[in-house]
Amino acid sequence: MKSYRKELWFKIPSRRAFINITPQVEECLNESGIQEGMVLVNAMHITASVFINDDEPGLHHDYEKWLEKLAPHEPVSQYQHNVSEDNADAHMKRQIMGREVVVAITKGQLDFGTWEQIFYGEFDGRRKKRVLVKIIGE
Amino acid sequence: MKSYRKELWFKIPSRRAFINITPQVEECLNESGIQEGMVLVNAMHITASVFINDDEPGLHHDYEKWLEKLAPHEPVSQYQHNVSEDNADAHMKRQIMGREVVVAITKGQLDFGTWEQIFYGEFDGRRKKRVLVKIIGE
Amino acid sequence: MKSYRKELWFKIPSRRAFINITPQVEECLNESGIQEGMVLVNAMHITASVFINDDEPGLHHDYEKWLEKLAPHEPVSQYQHNVSEDNADAHMKRQIMGREVVVAITKGQLDFGTWEQIFYGEFDGRRKKRVLVKIIGE
């Protein structure tokens, strides 16, 4: 069994954003040389997500609005977590969108349906944060 | 390390449905001959889910009603994604229910608790869609 | 490829609680002797979660309140699942928080960001329930 590990670093200038990281994960897979196995891609921070969905700006706008409705940022005083912080809502948005994805590797490729793309979901940005890519297989 | 891959195809006649796919996943596992490892089961479409819960019709009715409350289909015009489509809500419902499950394989069996069953969750049906089963182990 | 399996048992005296199980998962990893691979940690019950977030009591209070808003326990009669049971809401809360986590293992350690901790999320306690830890790697 072979294994591979890399950290991807991000510094998103806004509080929230969705970034397509599929090209970076594909680059990791090429570097690994692994042909059959699984890749785990996870946020290493608890106010961020990694998820798979559509690379369509209208949908990302809808996600932003929808997450804000389900877990509003304001008023920050509604959350007990917000003592010296203001990011409790980010911990909730991340649970809905998920921490991680596991993707099959087949013949050296991400084994994806037509529209599947991997996103980094930032909910409390404006500082350096990272994503882990771990691949196991042969 | 051995690996196995299969696509399961579905054409659900309604917009939304929950289908128990545990027997098909067990058949894949038997075909693979893998005794110890992990199986990844994921929707290859971004308006569908694979999740694990109870095979109980009352609960599925409750899920349907609850998801419709959290991410309503109507009015379709509330979503920017719905330009030539009407399935933005399906992209949201899928995030709540999840894209994928990873299940342990022990002694050639799905290593499940008493009530665990694997479901395909369709949120934008009436066309052919597929699920990936990938198994790695020995 | 090596594999390891263990069940962790819990009997939570209240209906709902969040329990940090990171030390138990680390103990499993040490017992397994696996240096590179992946660990799957999943609830074996469909009214409980395993998730990764912050070990901060204010946040856990916020999660409890937020989940109760998104999927209220009362009135129990609003759910068709609640015929001889009263736990339909627990099946919903578990979908938001998730069934499982997959964590990378690197150099014999859980490959975690600074604040990542693994939690058992109980939504229908007061009886014995269990979590599966499955590790594969080398």
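The values are calculated or read from the model by the stated rules, or taken from the named source; none is laboratory data. All figures in this text were calculated on a predicted structure; none of them were measured in a lab. Cβ coordinates were reconstructed from backbone atoms using ideal geometry, including for glycine residues, and neighbour counts include every protein chain displayed. Accessible surface is based on the protein model in full, side chains and every heavy atom, while ligands, DNA and RNA are left aside. Shrake-Rupley method; radii C 1.70, N 1.55, O 1.52, S 1.80 Å.
Figures for the structure shown
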quantity: Subset of the stretch C:1-25 [surrounded by 15 or more Cβ atoms within 10 Å (Cβ to Cβ) and either assigned to a helix (DSSP H, G or I) or of a type in the set (Gly, Ala, Ser) (or both)]; calculated: C:SER3, C:ALA17, C:THR22, C:GLN24, C:VAL25
quantity: Only one of A:LEU40, A:LEU29, A:LEU67 that is closer than 30 Å to B:ASP86 by Cβ and open to solvent by less than 70 Å² (accessible area, probe 1.4 Å); calculated: A:LEU67
quantity: Conditions (1) outside any loop (DSSP other than H, G, I, E, B); (2) buried (at least 22 other Cβ atoms within 10 Å of the Cβ): number failed by B:ILE46; calculated: (1)
quantity: Residues of the stretch C:83-112 satisfying the condition of being touching an Asp or Glu at 6+ places or on another chain (Cβ under 9 Å), aliphatic (A, V, I, L, M) and open to solvent by 10 Å² or more (accessible area, probe 1.4 Å); calculated: C:LEU110
quantity: Selection status of A:HIS73, open to solvent by 10 Å² or more (accessible area, probe 1.4 Å) and within 11 Å of chain C (Cβ to nearest Cβ); calculated: no
quantity: Any hit, the stretch B:31-50, residues being more than 30 Å from A:SER3 (Cα to Cα), modelled with pLDDT of 95 or more and of a type outside the set (A, V, I, L, M); calculated: yes
quantity: Count of residues meeting criterion [of a type in the set (Lys, Arg), under 13 Å from A:ASN53 (Cβ atoms) and either at the interface with chain C (Cβ under 10 Å from one of its Cβ atoms) or outside any helix (DSSP H, G or I) (or both)] in the stretch B:77-129; calculated: 1
quantity: Number of the exception - B:LEU59 against (1) away from chain A (no Cβ under 14 Å); (2) surrounded by fewer than 20 Cβ atoms within 10 Å (Cβ to Cβ); (3) hydrophobic (A, V, I, L, M, F, W, C); calculated: (2)
